[in-house]
Amino acid sequence: MPKAKPKTLQDFPHFTVSAVRRGKTSTEGYTRFELDGNFDRIIDDIDPHWFWLLFGVTDCFCATLQSLDKKTRASILTCDAKDEPRVVGETLAYLSPRWQAYHVWMVLDPAWGWVKKRFQGSDAVAEDYDAGEISVVDGRDVRVWTKLELVGGRKGASRHYPATDQSLPPSSQRRPVPGGWGHEHCDLCKTHIEVGESGYTDSAGRWMCENCYARYVIHRDLAFVDDL
């Protein structure tokens, strides 16, 4: 059986922009822009709230569908931006909000800087907090959670687990947990990369498992948007 050709951005649904109109600007400095144009196909599962539009080498913005004529595929989209997107006459690739735009770039860009490493585990800092309401986790009532933050790694990286001690009020004291960051997730398939296992990491501290690297990065194949 012949091997399938790698999926490229040319295989994605596309939106061609015919006009951009400027709307009101918020107090935060973001302007609402309306984009007229046409999709090249009907996207059956298009998200009604927002999605990505990709263009250029690594340019992108979030857009919201306002109207769609299914016969002509003529559409009106909106986006909020500080600067007007210079996209009139451009054809932009549609990406589902299930993914981040950087997922496309990390697979396509040969200079992304992936380095193969063995995950050794990392230190973490833990802090308990009151969620304010009870959740049932594995048959147990949980109101107090433990927030685990990675030390010296990706900014903002954290995980949340039911606290061992459910006493109220919880202690707000932050405590070190040597080796407490015991696994990483593949940024594409979310598989665990456990201590002692190898994977690929980039300059931002993101990880990718060996399978996804071999399947998608080596072949510059964007089929993960369908496979995963």
In deg cm²/dmol, rounded to the nearest 500, the helical mean residue ellipticity at 222 nm of the chain, built from -39500 (n - 2.57) for every DSSP H run of length 4 or more, is -1000 deg cm²/dmol
For the stretch 146-228, shape from the Cα gyration tensor axes a ≥ b ≥ c, cut at a/c of 1.5 then a/b versus b/c, turns out prolate
Measuring from its Cα centre, the stretch 1-148 shows a charge dipole (+1 at each Lys and Arg Cβ, -1 at each Asp and Glu Cβ) which, in debye to the nearest 20, is 660 debye
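Computing the accessible area with a 1.4 Å probe over protein heavy atoms, can you report the carbon and sulfur percentage for the chain?
Carbon and sulfur together cover 49 percent of it.
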Distribution output for the chain: share of Cα-Cα pairs per 5 Å bin in percent, first bin at 0, values 1, 6, 11, 13, 12, 12, 12, 12, 10, 7, 3, 1, 0
Note to self: with every protein chain in place and a 1.4 Å probe, the chain gives an accessible area per residue in Å² of 59 Å²
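The values are calculated or read from the model by the stated rules, or taken from the named source; none is laboratory data. Since we're looking at a predicted model, the values are computed, not measured. Ideal geometry is used to build each Cβ from the backbone, glycine not excepted, and the neighbour counts take in all protein chains shown. Surface areas here come from the heavy atoms of the whole protein model, side chains and all, with no ligands, DNA or RNA. Shrake-Rupley method; radii C 1.70, N 1.55, O 1.52, S 1.80 Å.
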